[in-house]
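Got a structure here, written out as structure tokens. Questions coming.
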Amino acid sequence: MAKTSVKGTADAGMVGLGVMGRNLALNMADHGFQVAAFDISAAMTKRFVKENPDTRGGLVGCDTLRKLVANIKRPRKIVLLIPAGNPVDEMLKKLIPLLSKGDIVVDGGNSLWTDTIRREKELAAKGLCFFGSGVSGGEEGARFGPSLMPSGSKEAWKQLKPIWTAIAAKVDSKTGKPIEGAAPGKPVKGGVPCTTYIGTDGAGHYVKMVHNGIEYADMQLIAESYDLLHRGFQVGNKELAGIFNSWNAGVLESFLIEITAKICAYAQGLDLIETASNEYGWNVNLAEIARIWKGGCIIRARFLDEIMQVYANGEKLANLMVAPAFSDLLAKHVAALREVVAYSALSGIPTPALSASLAYFDSYRTADLPQNLTQAQRDAFGAHTFVRKDKPESGPQHVDWL
């Protein structure tokens, strides 16, 4: 039941009681964690606590940040679920003077990863820990089990881990399928949590950004497929529903309907993560990324098991598309994708995601692309230089083309 304000008893704090904030707070409370809650609207805070009197851990309503901080056990763990950008910086300015050495602030919004890197450094200089954590799964995921992508101090992760592993979505350890059935006050028990330590500073938010890119690529692919069927083949809504249901029950069985062009989307996304991981020294485990995306996550799909296995084998891949399982799949189905893209172009139906996916695949499998001419043009009009393929050891060259 709801608890009155008792100093220093809450396990965590939640700042921001919008849809995601309040649902994540209830998720924590269902798992036995007492949550101190604060929103800039005192009326919203009061209403939130009043409307949820029976959570297992209990909610502590706080009408000021000072009361919020006072109500949390040290080292304090405070989650921010507020709009990204300047609001996060402004909230940190208010919070930091109230915190003590070793306290942890978690930004659960969709912040830019470079902002997270900056904030982590700023708080570390003050003896505080800053985590950026992607939260995927939307409203329902936040309430009953999201996919969580945290990054920050590895030592501080030990403090945050019990909460994050408890509230994350769970998958069956044998089948890899999401464990469903969570309800208010009845969280899922057992299973493997869909969260892992991603890396230092901005790694978690970078992974979440790429996740969102894949998510919107998925949705665009679905929209283009719908448009092709509806306008190109005059398929009615009732028949469309049957087609999409059959696709969703097929080999890729996912939350969002999959077609061949999606393997390209995942390949690009994972390639981005690996490139950034190398550049920033995050040491991101791509097998673990595939694992935590299997449940609670908007882009969960059965073939994430295959992606996880590819990276778990320890083989260094230049790109997911060159893994035998996926190269065979692409070779088998890419002809159909070519037909779809060709038909859409001839019919005047725009399919930018389908077309871009095919272009990415064809570009990757082509040994020589026409950028040699692009480099020559750049050198001709701007003396930008070029490197000769037959004499790379000669370094940058410039020619007076005119």
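The values are calculated or read from the model by the stated rules, or taken from the named source; none is laboratory data. Predicted, not measured: the structure shown is a model, and the values here were computed from it. Virtual Cβ from ideal backbone geometry, glycine too; neighbours counted across all protein chains shown. All accessible areas refer to the heavy atoms of the entire protein, side chains included, with ligands and DNA or RNA removed. Shrake-Rupley method; radii C 1.70, N 1.55, O 1.52, S 1.80 Å.
Angle between the Cα long axis of helix 371-382 and the longest principal axis of the chain, 0 to 90 degrees, nearest 10?
Orientation of helix 371-382: about 90 degrees from the principal axis.
Hey, another quick one. Using only Cα atoms, find the angle between the long axis of helix 352-364 and the longest principal axis of the chain, and express it within 0 to 90 degrees, rounded to the nearest 10.
Helix 352-364 and the main axis of the chain meet at about 60 degrees.
Right, here's the next one. Taking the chain as the reference, fit the longest principal axis to its C-alpha atoms, fit the long axis of helix 203-227 to the helix C-alpha atoms, and give the angle between the two in degrees, 0 to 90, nearest 10.
60 degrees
Another question, if that's okay. With Rg and the Kirkwood Rh both taken from Cα atoms, where does Rg over Rh land for segment 38-161?
Over the Cα atoms of segment 38-161, Rg/Rh equals 0.95.
Here is a further query. Within the accessible area of the chain, what % is carbon and sulfur when the probe is 1.4 Å and the other protein chains stay in place?
Answer for the chain is 56 percent, counting heavy atoms of protein chains only.
Restricting the count to DSSP beta bridges whose residues both fall in segment 1-154, what percent are antiparallel, rounded to a multiple of 5?
Counting DSSP beta bridges with both partners in segment 1-154, the antiparallel share is about 20 percent.
In whole Å, largest first, what are the principal axis extents of the Cα atoms in the chain?
So the three principal-axis extents are 76, 58, 39 Å.
Taking the Cα centre of the chain as origin, work out the dipole magnitude from +1 charges on Lys and Arg Cβ and -1 charges on Asp and Glu Cβ, in debye rounded to 20.
Rounded to the nearest 20 debye, it is 1900 debye.
Separate question: Residue 33: net charge of surrounding residues, Cβ under 11 Å, Lys/Arg +1, Asp/Glu -1, itself excluded?
+1
For segment 111-227, how many pairs of lysine residues have a Cα-Cα distance under 16 Å, where the two are 8 or more positions apart or belong to different chains?
Number of lysine pairs found: 6.
Under a GNM of the chain (C-alpha, springs under 10 Å), which listed residue has the highest mean-square fluctuation: 204, 145, 348?
348
Given a 1.4 Å probe, how much area per residue of segment 186-308 is accessible, in Å²?
Dividing the accessible area of segment 186-308 by its residue count gives 42 Å².
May I pose another question? Count charges around residue 318 for me, please; just the other residues with Cβ under 11 Å from its Cβ, Lys/Arg as +1, Asp/Glu as -1.
That sum, taken over residues with Cβ under 11 Å, equals -2.
Among 363, 32, 235, which residue has its Cα furthest toward the positive end of the charge dipole of the chain, with +1 on Lys/Arg Cβ and -1 on Asp/Glu Cβ?
Toward the positive end, the furthest listed residue is 32.
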